[in-house]
Amino acid sequence: MTTPARSNGNDLHAIATRLYERAKELESLRFGDFTLSSGQKSTYYFDGRMLSTDPEGADLISQAFGIAMDEAGVDAFGGPTVAAVPIVGSLALRSRLDGKDRTGFFVRPEQKDHGAGKQIEGNLQAGMKVAAFDDTISTGGSLFPAIDAVEAAGCDVVLVMAILDRHQGGDAEIDRRRIPFFRLWESTPEGKITIAV
């Protein structure tokens, strides 16, 4: 599927470039030999939580994701714990400041066995158009169960977003599901990271 938000390409490119520079400044993007949560090996490691909890990083991510959501006509936004939680917070604040009528949520790996027994936390309502995201997409092992839970709640996932697409199978599954995919950076199999917008 085509990447949305191309009409704001200059702004998005500048945002994505500055975010990349900030990631290097924070050392949330490091190069070496790493094993990912998927078990795959990598020549770099990206700690998205370090970037999304940084004030400038949070501002840049929410700016870029906000542009993509504007073009997709999104009512709600969220993704899997833990990575999506700080991004949901910054997007909720940005939505309020920008006068957007959107709500945030996050999806637990499984339904709670206490309290209200919820798997989805937030104000998600059936019929909403949703943007689902993760900070990084490799195989999509945490993202796709979250998407499935959102769809089971009666919502329509109209956009997937990520800071980094590793091109390790998750992007192919997003395409198979026919969901537009917006990402700020992408990497080659050799570990070269480029700006994707």
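The values are calculated or read from the model by the stated rules, or taken from the named source; none is laboratory data. Not measured: the values here are computed from a predicted model. Neighbour counts are summed over all protein chains in view; Cβ atoms, including those assigned to glycine, are modelled from backbone coordinates with ideal geometry.
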Does at least one position in the range 59-74 carry a residue that is among the aromatic types (Phe, Trp, Tyr), under 14 Å from Leu164 (Cβ atoms) and under 13 Å from the mean Cα position of the chain (by Cα)? yes
Kindly check whether there is at least one residue in the range 161-180 that is part of a loop (DSSP other than H, G, I, E, B), surrounded by 22 or more Cβ atoms within 10 Å (Cβ to Cβ) and in contact (Cβ under 8 Å) with a residue 12 or more places away in the chain. yes
Within the range 151-197, take every residue that is farther than 22 Å from Val88 by Cβ and of a type in the set (Val, Ile, Thr) and give me the one that is modelled with the lowest pLDDT. Thr188
Answer yes or no: is there a residue in the range 120-141 that is among the basic types (Lys, Arg) and free of Cβ contacts under 8 Å to residues at least 24 places away in the same chain. no
Which of the residues that make up the range 123-148 are at pLDDT below 95, closer than 16 Å to Val85 by Cβ and among the small types (Gly, Ala, Ser)? Ser142
Among the numbered criteria (1) crowded, with 17+ Cβ neighbours inside 10 Å; (2) within 15 Å of the chain's Cα centre (by Cα), which one does Asp54 miss? (2)
Inspect the range 126-134 for any residue being part of a helix (DSSP H, G or I) and among the hydrophobic types (A, V, I, L, M, F, W, C) and give the result as yes or no. no
So which residues in the range 20-48 are assigned to a helix (DSSP H, G or I) and surrounded by 15 or more Cβ atoms within 10 Å (Cβ to Cβ), if there are any at all? Tyr20, Arg22, Ala23, Leu26, Gly48
Please give the number of the condition Ala131 fails out of (1) in contact with a helix residue (DSSP H, G or I) (Cβ under 9 Å, 6 or more places away or on another chain); (2) of a type in the set (Gly, Ala, Ser); (3) surrounded by fewer than 23 Cβ atoms within 10 Å (Cβ to Cβ). (3)
Being charged (D, E, K, R) and buried (at least 16 other Cβ atoms within 10 Å of the Cβ) is true for just one of Glu186, Glu110. Which residue is that? Glu186
Residues of the range 140-160 being closer than 28 Å to Thr35 by Cβ and surrounded by fewer than 19 Cβ atoms within 10 Å (Cβ to Cβ), which ones? Gly141, Pro145, Asp148
Condition (residue is out of contact with any helix residue (DSSP H, G or I) (no Cβ under 6 Å at 6 or more places or on another chain) and more than 20 Å from Ala132 (Cβ to Cβ)) applied to the range 60-81: is it met by at least one residue? no
Of all residues making up the range 142-160, the number that are of a type in the set (Phe, Trp, Tyr) and in contact (Cβ under 8 Å) with a residue 60 or more places away in the chain: 0
Could you tell me whether Phe105 is part of a helix (DSSP H, G or I) and either modelled with pLDDT of 95 or more or hydrophobic (A, V, I, L, M, F, W, C) (or both)? no
